[in-house]
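J.: Pasting a structure below so you can have a look.
The values are calculated or read from the model by the stated rules, or taken from the named source; none is laboratory data. Quick caveat, the model's predicted, so the values are computed rather than measured. Backbone-built Cβ (ideal geometry, glycine too); neighbour counts: all protein chains shown.
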Amino acid sequence: MWRQEHPDAQLAPVPGDMVTAPASGLDPDITLANALFQLDRVAAAWARDTKRNAAPLRAEILALLQQQARAPLGGLAGEPMVNVLAINLELRKRYGAPSA
């Protein structure tokens, strides 16, 4: 119905779990595609908060995401997933808590 009411709205393709997964925060896993979609925004925020250069920080976060990505059933089924809680804890350990 929304699309019918806004036929001229510009839409961008996004990973499916960004729009279908619940945002309750109870399940800390998102697809790697979802994490990569948000990578530039996340790296920019960490760079701003820690007063670091965004480009190398982005590369470090990308490497961390790739290192931490795990596919369900040992890679036999499903898309690679990352645990956002584990990623955020590792980022805090490496760079300190972001300023509020």
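J.: Identify, please: which residue in the stretch 1-38 is in a helix (DSSP H, G or I) and modelled with pLDDT under 80 and is, among those, farthest from A86 (Cα to Cα)?
T.: Only one residue tops the list, namely W2.
J.: One residue is enough: does the stretch 87-100 have a residue meeting the conditions within 18 Å of P15 (Cα to Cα) and either among the acidic types (D, E) or in contact (Cβ under 8 Å) with a residue 12 or more places away in the chain (or both)?
T.: no
J.: Moving to a separate point now. When only residues in the stretch 50-76 that are under 19 Å from P28 (Cα atoms) and assigned to a loop (DSSP other than H, G, I, E, B) count, which is farthest from the chain's Cα centre (by Cα)?
T.: A71
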